[in-house]
1. Only residues in the range 1-26 that are at pLDDT below 65 count as the first member; pair them with residues that are of a type in the set (Asp, Glu), Cβ under 6 angstrom, at least 6 apart or cross-chain, and list the lot.
2. Taking the range 102-153 as the search range and keeping residues that are among the aromatic types (Phe, Trp, Tyr) and touching a residue at least 40 places away in the same chain (Cβ under 8 Å), which one is surrounded by the most Cβ atoms within 10 Å (Cβ to Cβ)?
3. Taking Arg143 and the conditions (1) under 22 Å from Pro15 (Cβ atoms); (2) in the same structural domain as Val41 (by TED's automatic domain parsing), which numbered condition does it fall short on, given that it satisfies the others?
4. Consider the range 62-103. How many of its residues are modelled with pLDDT of 80 or more and out of contact with any strand residue (DSSP E or B) (no Cβ under 9 Å at 6 or more places or on another chain)?
5. Being exposed (fewer than 13 other Cβ atoms within 10 Å of the Cβ) and free of Cβ contacts under 8 Å to residues at least 24 places away in the same chain is the filter here, so list the residues in the range 42-66 that pass it.
Amino acid sequence: MSLTDLASVDVAVSPVEKYREFLATKSLRMTRERAIIVEEVFASHEHFDADTLVQRLAQRRDSKRVSRSTVYRSLNLLEEAGLVRKVARQDDRDLYEHDYGYPQHDHLICQRCGKLIEFQRNEIAEMLEQVAREHGFRMESHRLEVSGLCNECCSPPSNRPKKLNLL
């Protein structure tokens, strides 16, 4: 998965604290496992699925007790809290990225190899705001995912078989 380095955005509270505040609105508490999960999610900006997160957690010394079901439930809560978002679906798996403290950006998604390319163009946001104004619509955010083929998947194979070998 290819990522472009986008600068992070300054936020008023840490992801853990924002998650704690969200959980309180649901009458849930911040357990040790939930805190470990949110820390791991925000340790880097990589696209991940639940299984990848489970593997990353298994490598941590402090997370041996985090169950797979806790990871799945936490991802749903983190998404509802606005801390992560689903980016794409590949091989029947939802791919996530953290969304809190990260600038608005869009994705190019290769349908063959699954490569995700992040990009940011102010012109897109400006155009969408203009369209929204024309329709009396108040835009709060946008999400653009362009499907196609990446450069590597469009390139011809470097060693083409000879025509006689295809008979």
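The values are calculated or read from the model by the stated rules, or taken from the named source; none is laboratory data. Remember, predicted model here, so these are calculated numbers, not experimental data. Using ideal geometry, Cβ is built from the backbone for each residue, glycine included, and neighbour counts are taken over all protein chains shown.
1. These pairs meet every condition: Leu3/Glu118; Thr4/Glu118.
2. Step one: of the range 102-153, the residues among the aromatic types (Phe, Trp, Tyr) are 102, 119, 137.
Next, from what is left, pick out any that are touching a residue at least 40 places away in the same chain (Cβ under 8 Å): 102, 119.
Working: Tyr102: 17, Phe119: 13.
Looking at residues that are among the aromatic types (Phe, Trp, Tyr) and touching a residue at least 40 places away in the same chain (Cβ under 8 Å), I get Tyr102.
3. Exception for Arg143: condition (2).
4. So the count comes out to 16.
5. Scanning the range 42-66 gives Ala43, Ser44, Gln55, Ala58, Gln59, Arg61, Lys64.
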